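Here's the structure we're looking at; comments come further down.
The values are calculated or read from the model by the stated rules, or taken from the named source; none is laboratory data. Everything numeric here is computed off the predicted structure, so don't read it as measured data. Cβ placement follows ideal geometry from the backbone for every residue including glycine, while neighbour counts extend to all protein chains displayed.
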Amino acid sequence: MQANKPENFTQNVTDALAQPDLKMIIRRTTDKAEAKRSDAIANFPEFEKARAQGQKVKDHTIKHMEHYLAEFEKNALAQGTIVHWASTAEEASKIVLDICREHKAKKVTRSKSMLGEEIGLTHAFDNSEMERIETDLAEHIIQLAGDPPSHIIWPAMHRSREDVVKLFREFHSDPTYSEEITDLVRSARRDLRTKFLTSDIGISGSNFLLADSGSSCTVTNEGNAELTITPPKVHIVTAGIEKLVPSMAHAIPLLRLLTRSATGADITQYITFHNGPKRKNDADGPEECHIVLVDNGRTKMLAEGMEEMLRCIRCGACMNHCVVYKHIGGHAYGSVYPGPMGSVLTPHLQSLEVANKQTHACTMNGRCEDVCPVNIPLPKLLRSLRAQSWEKKYEPLTNRFVVKFFGVLAKRPQLFQLFSSCSLIFMKAFSRNGWIKYMPFTSGWTRNRDLIEPETTTFMHQYKKMKKSESGGS
Amino acid sequence: MSDKNNYTDANQSNTIECLNISEKRVGLFVTCLVNTIRPSVGFASITLLEQAGCTVEVPAAQSCCGQPAFNSGDDEGTRQIAYQVIEQFEEFDYVILPSGSCASMIKNNFIEVFKEQPGWQARAQHLADRTHELLSFLVDVCNFKPNGVELDGTFTYHDSCSGYRSLNVYEQPREMLSTVKGLEHKPLNGHSECCGFGGTFCVKYSDISNAIVSEKVENVVAADADYLLGGDMGCLMNIAGKLNREGNQKITALHTAEVLAGLAPKIIGANDAS
C-alpha cells in the first residue's frame, strides 16, 4: 500500500469512505480501546491529579527546554553516549544511516518509534544497501505488507487476521498453518529471534528522556525494545526533544497516564531505562550508544505559540475518541501522525500549505481534549491553525466568499433579518411535504440529507407582530 | 411579570416554581437557526423563562453568534460580529440562548479573538459571565421545575457536544423532562457522540459528516423512541434530515424547550406553523 499524501486529503477521504469494511476494521480496535481506557480511568481515582501533574511536568520542561537539553547532553555524555543534534528530518535520518555505514552494518533491527517514521528512517533504510527489520509485531506486519502505519499505537490495525495469516505464510521461514493468534505470534517470534541475534545495530525510539541521568525510557509490551537494544554492538536512540523530563520521578506520573490512556493497562509488560553503553562489569549491552535529538519543527512550534502541543506523550487516545478518525482511518490523513494530534502536528512537520485541510476535518466536538492525558486543547490549536490558513488564504475562494458574505450580513442585524426573510421565500419554493430534497447553494447539505422546511416567517417577524398586536390590543 | 403576553397565557397550566430569581432581566438571543428554521423554539424559550420568573426581552438588532467565521479561522470577521453582539446584550442580567453551541461561542470563544484589545476583552468577559444555555440556566440558576406538562410517548436524548462538554449540560434537560407526564426515557447508545453536524464541517466535509450522522441515526432508530430530543437546532436538523432521507418518518425530532413549553408535538420539518 502506497503512503497517501497530506495534500490529497479530500481524495484520500473519498477513497477511505469507499472501503466497505474500513469502519468495522477501525471500530474493532477503537471501541475496545475506548472501553478499556474508560475502565482504567474509573479505577484510577487520582487521574485528574495525575493529569494536572503530568501537564505541569511537561510545561515546566518545555519552558526550560534549553536548560534540560544541556543537562541531558552533559549526563548522556558522562554515561558514554554519543549525542547528536538534528534540526530536520533529513538531517536526523542521515545521521542514523551514517552511523550504520560507519559500522558497515548489513542488518539493523528497529523497535517501534513514530519519530523514526517521522524522520523517514524506514524509507531511508529501504533505499540503502542495509536490511531493516521491524521487531514490534504490528510494525513487522506492516513491513511485510509494505503499508504505512495507520495508528500511532496499533500501526497495523487496518489489517485483519486473515491478512496476517496470508502474510506470515508468504514471508516466514517456518510458517504456521494455524490461524490461532498464539500460533501466529509464535511464527513471528521464530522469525524475529534469529534476526535479533544477528543484527548489527539496534535502533529504538524513546518515550522519555531523563535529563538528570541522561537515560532514555522505552515502554513496550513485547520486550522487543530490549531485544533490539541489547544484543547488537551499537544502539541508536532517535528522540524528539519534547520527550525530555527532568528526572525519573517526573516521568512516573506521565507513565501512569500514558499506559492507561493508550491501552487501558495500568502498566505495560516492559518499562526499561537505558543508560548508555555497556559498563566494565556488565554482562551484556551495546558497546556503543548514540542518541539523535531531533527538532524537526518543534522549536518553531514553541516560537509560534503551539507549545501546548509539545506536551503530547503519543498515547493515541485523541484518535481513538475522534469521530472523524473512526470513519476515515489513519491513512487518509497522509501523515505519520493521524487524528487530532496529527492534524496539529503535520502542518508543523511538513507545512500548513499541504496539511491545512486536515485542520478543517474536525467537528470541534471537544472529545479529544476531554480524554487527553496532558490536557492539550486540541480544538483550540486546530482553530488557531485555521486562523493561520485564513490569513495565508489557503482556504478555497468559495469558502472564503461564503464566510465573508455571512459575516457582512451578521454585523448588520437589519440586513441579516431581511436576508433571513428572503431566504425563507427561496427555501419555500423548493419545499415538498415539509422537506427540501434539493436546493441551489445547499448541495453540501442536501447531498446526504434532507433540509427541514422552515416556518413561513422568521422568529423576529412573528415576535414583532405579536408585540405590536399586544400593544395595539391593550 | 408585567409584560406577560397572550402566548404564555395559553400555557398557564405550566405553573411557575421559581426560587432564586426575582425579576431578572433576560436578553434572549434566539440564534439564526431558530430565527429562520424553527421560530417555535424561540417562543418556547420565552414561555419557559417567564415561567421561571424572568423578564424576557428580545433585542431586535440580533443576528449570529459568529461561529461560522470563528470556526473558519476568520478572526477579524468574528470580531466584527462580536462587537455588535456585545453592544446589544451586555446590559442584561442574563443572556440566554436555546443552543449550547452558540452559548459556548459567547461564553468561551469571544475572549479569544480580543487578545490584543483588552478593553473589548473585558467587555467580552463581562458578557461571557452572564451568558447561559437555556436548559441549564432554567435548572441551575432558576431552579425551575416544570409542572403540568403532558406528552404521551417515549423519547431518547442526544447530548450536543458544546453543551455537554463545554457547559456541562446533561442532567438538567433530563431532570426537567422527567416531570413531563406520560413521557418515558429510552437510552441512546452513544448519546454524547458527535452527530457530525459541526457547523461548516457538515457542508465542507459532507461525506464524512454523512458517515457520522448515519451511525447516529442507526443508534436513534435502535433506541426505539417516538421523539428525539436535544438542545441544539443544528444537531436536530442534521439527525432529522438524515432520518427523513432514509425514509424514517416515525421519529419526531424536537427541541427540549418545545416539549417543556407544551408545544409538542410539532414535527420538525412539518409546515405547520401558524
Subject >> Whichever residue in region B:49-77 is in contact (Cβ under 8 Å) with a residue 60 or more places away in the chain and part of a loop (DSSP other than H, G, I, E, B) and, among such residues, is farthest from B:Leu138 (Cα to Cα) >> reply: B:Gly53
Original post:
Only one residue in B:Glu193, B:Glu171, B:Glu215 is within 30 Å of A:Ala18 (Cα to Cα) and either without any contact (Cβ under 8 Å) to a residue 24 or more places away in the chain or under 20 Å from the mean Cα position of the chain (by Cα) (or both). Which one?
Top reply: B:Glu193
Subject >> Failed item in (1) out of contact with any helix residue (DSSP H, G or I) (no Cβ under 6 Å at 6 or more places or on another chain); (2) assigned to a helix (DSSP H, G or I); (3) over 24 Å from A:Glu242 (Cβ atoms); (4) among the small types (Gly, Ala, Ser), with A:Ala52 passing the rest >> reply: (3)
**OP:** Inspect region A:410-430 for any residue being at the interface with chain B (Cβ under 8 Å from one of its Cβ atoms), at pLDDT 95 or above, part of a loop (DSSP other than H, G, I, E, B) and within 24 Å of B:Val34 (Cβ to Cβ) and give the result as yes or no.
**Re:** no
Subject >> From the options A:Ala33, A:Ala16, A:Ala50, residue that is within 14 Å of chain B (Cβ to nearest Cβ) and surrounded by 16 or more Cβ atoms within 10 Å (Cβ to Cβ) >> reply: A:Ala16
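Acidic (Asp, Glu) and in contact (Cβ under 8 Å) with a residue 12 or more places away in the chain: does that describe A:Asp39?
Taking the combined requirement at face value, the residue satisfies it.
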Original post:
How many residues does region B:84-126 hold that are within 11 Å of chain A (Cβ to nearest Cβ) and either surrounded by fewer than 24 Cβ atoms within 10 Å (Cβ to Cβ) or hydrophobic (A, V, I, L, M, F, W, C) (or both)?
Top reply: 10
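It is to be established whether one or more residues within region B:129-146 are of a type in the set (D, E, K, R) and crowded, with 24+ Cβ neighbours inside 10 Å.
Yes.
Restricted to region B:231-254, and to residues that are of a type in the set (Gly, Ala, Ser) and part of a helix (DSSP H, G or I), which residue is farthest from B:Asn210 (Cα to Cα)?
Looking only at region B:231-254, we keep the residues that are of a type in the set (Gly, Ala, Ser), and these are B:231, B:234, B:240-241, B:247, B:253.
If we keep only those that are part of a helix (DSSP H, G or I) too, we end up with B:234, B:240-241.
Details: B:Gly234: 14, B:Ala240: 13, B:Gly241: 11 Å.
Filtering region B:231-254 for residues that are of a type in the set (Gly, Ala, Ser) and part of a helix (DSSP H, G or I), the one farthest from B:Asn210 (Cα to Cα) comes out as B:Gly234.
Tell me whether region A:418-427 contains one or more residues that are under 30 Å from A:Gly339 (Cβ atoms) and either surrounded by fewer than 16 Cβ atoms within 10 Å (Cβ to Cβ) or in contact (Cβ under 8 Å) with a residue 12 or more places away in the chain (or both). Break it down stepwise before answering.
Taking region A:418-427 first, the residues under 30 Å from A:Gly339 (Cβ atoms) are none.
No, every residue in region A:418-427 fails to be under 30 Å from A:Gly339 (Cβ atoms) and either surrounded by fewer than 16 Cβ atoms within 10 Å (Cβ to Cβ) or in contact (Cβ under 8 Å) with a residue 12 or more places away in the chain (or both).
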Original post:
If you check every pair at least six apart or on different chains, which have Cβ atoms under 8 Å apart with a residue in region B:115-130 that is without any contact (Cβ under 8 Å) to a residue 60 or more places away in the chain first and a residue that is assigned to a loop (DSSP other than H, G, I, E, B) and surrounded by 13 or more Cβ atoms within 10 Å (Cβ to Cβ) second?
Top reply: B:Trp120/B:Phe114; B:Gln121/B:Phe114; B:Arg123/B:Glu90; B:Ala124/B:Phe114; B:His126/B:Glu90; B:Leu127/B:Glu90; B:Arg130/B:Phe92; B:Arg130/B:Asp93
Subject >> Qualifying residues in region A:18-33 (those that are in a helix (DSSP H, G or I) and over 20 Å from the mean Cα position of the chain (by Cα)) - the one modelled with the lowest pLDDT >> reply: A:Met24
Subject >> Top-ranked residue in region B:63-83 [being more than 11 Å from A:Gly407 (Cα to Cα) and either aromatic (Phe, Trp, Tyr) or touching a Leu at 6+ places or on another chain (Cβ under 9 Å) (or both); ranked as surrounded by the fewest Cβ atoms within 10 Å (Cβ to Cβ)] >> reply: B:Tyr83
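Of these, A:Pro340, A:Pro347, A:Pro379, which one is of a type outside the set (S, T, N, Q), part of a helix (DSSP H, G or I) and within 11 Å of the chain's Cα centre (by Cα)? Walk me through how you get there before you give the answer.
Numbers: A:Pro347 fails: within 11 Å of the chain's Cα centre (by Cα); A:Pro379 fails: within 11 Å of the chain's Cα centre (by Cα).
Being of a type outside the set (S, T, N, Q), part of a helix (DSSP H, G or I) and within 11 Å of the chain's Cα centre (by Cα) holds for just one of A:Pro340, A:Pro347, A:Pro379, which is A:Pro340.
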**OP:** Quickly run through region A:259-272 and pick out the residues that are surrounded by 24 or more Cβ atoms within 10 Å (Cβ to Cβ) and among the aliphatic types (A, V, I, L, M).
**Re:** A:Ala262
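Just checking, which of A:Asn448, A:Asn399 is closer than 21 Å to B:Cys65 by Cβ and surrounded by 12 or more Cβ atoms within 10 Å (Cβ to Cβ)?
A:Asn399
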**OP:** State whether the residues of region A:139-156 include one that is surrounded by fewer than 18 Cβ atoms within 10 Å (Cβ to Cβ) and either of a type in the set (Ser, Thr, Tyr) or free of Cβ contacts under 8 Å to residues at least 60 places away in the same chain (or both).
**Re:** no
Subject >> Number of the exception - A:Thr230 against (1) within 24 Å of A:Asn320 (Cα to Cα); (2) modelled with pLDDT under 95; (3) not small (Gly, Ala, Ser) >> reply: (1)
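Are any residues in region B:154-171 among the aromatic types (Phe, Trp, Tyr) and assigned to a loop (DSSP other than H, G, I, E, B), and if so, which ones?
Within region B:154-171, the first condition is being among the aromatic types (Phe, Trp, Tyr), and the residues that meet it are B:155, B:157, B:164, B:170.
The one that is among the aromatic types (Phe, Trp, Tyr) and assigned to a loop (DSSP other than H, G, I, E, B): B:Tyr170.
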**OP:** Among the candidates B:Ala261, B:Ala253, B:Ala225, single out the residue that is surrounded by 22 or more Cβ atoms within 10 Å (Cβ to Cβ) and over 20 Å from the mean Cα position of the chain (by Cα).
**Re:** B:Ala225
Original post:
Which ones in region B:34-68 are aliphatic (A, V, I, L, M) and under 10 Å from A:Phe459 (Cα atoms)?
Top reply: B:Val34, B:Ile37, B:Val41
Original post:
For region A:363-375, does any single residue satisfy the condition of being charged (D, E, K, R), farther than 20 Å from A:Glu308 by Cα and surrounded by fewer than 24 Cβ atoms within 10 Å (Cβ to Cβ)?
Top reply: no
**OP:** Please give the number of the condition B:Ser178 fails out of (1) surrounded by fewer than 21 Cβ atoms within 10 Å (Cβ to Cβ); (2) in contact with a His (Cβ under 9 Å, 6 or more places away or on another chain); (3) at pLDDT below 95.
**Re:** (3)
Subject >> Count of residues meeting criterion [within 7 Å of another protein chain (Cβ to nearest Cβ), assigned to a helix (DSSP H, G or I) and out of contact with any helix residue (DSSP H, G or I) (no Cβ under 8 Å at 6 or more places or on another chain)] in region A:431-474 >> reply: 0
Original post:
How many residues are buried (at least 23 other Cβ atoms within 10 Å of the Cβ) and farther than 24 Å from A:Ile328 by Cα if we restrict to region B:181-214?
Top reply: 0
Original post:
Hey, any hits in region A:379-393 for a residue that's facing another protein chain (nearest Cβ under 8 Å) and closer than 24 Å to A:Lys49 by Cα?
Top reply: yes
**OP:** Would you tally the residues in region A:264-292 being in a strand (DSSP E or B), in contact with a Gly (Cβ under 8 Å, 6 or more places away or on another chain) and touching a residue at least 60 places away in the same chain (Cβ under 8 Å)?
**Re:** 1
**OP:** Of all residues in region B:182-214, count the ones that are within 18 Å of B:Leu243 (Cα to Cα), within 8 Å of another protein chain (Cβ to nearest Cβ) and either among the β-branched types (Val, Ile, Thr) or not in a loop (DSSP other than H, G, I, E, B) (or both).
**Re:** 10
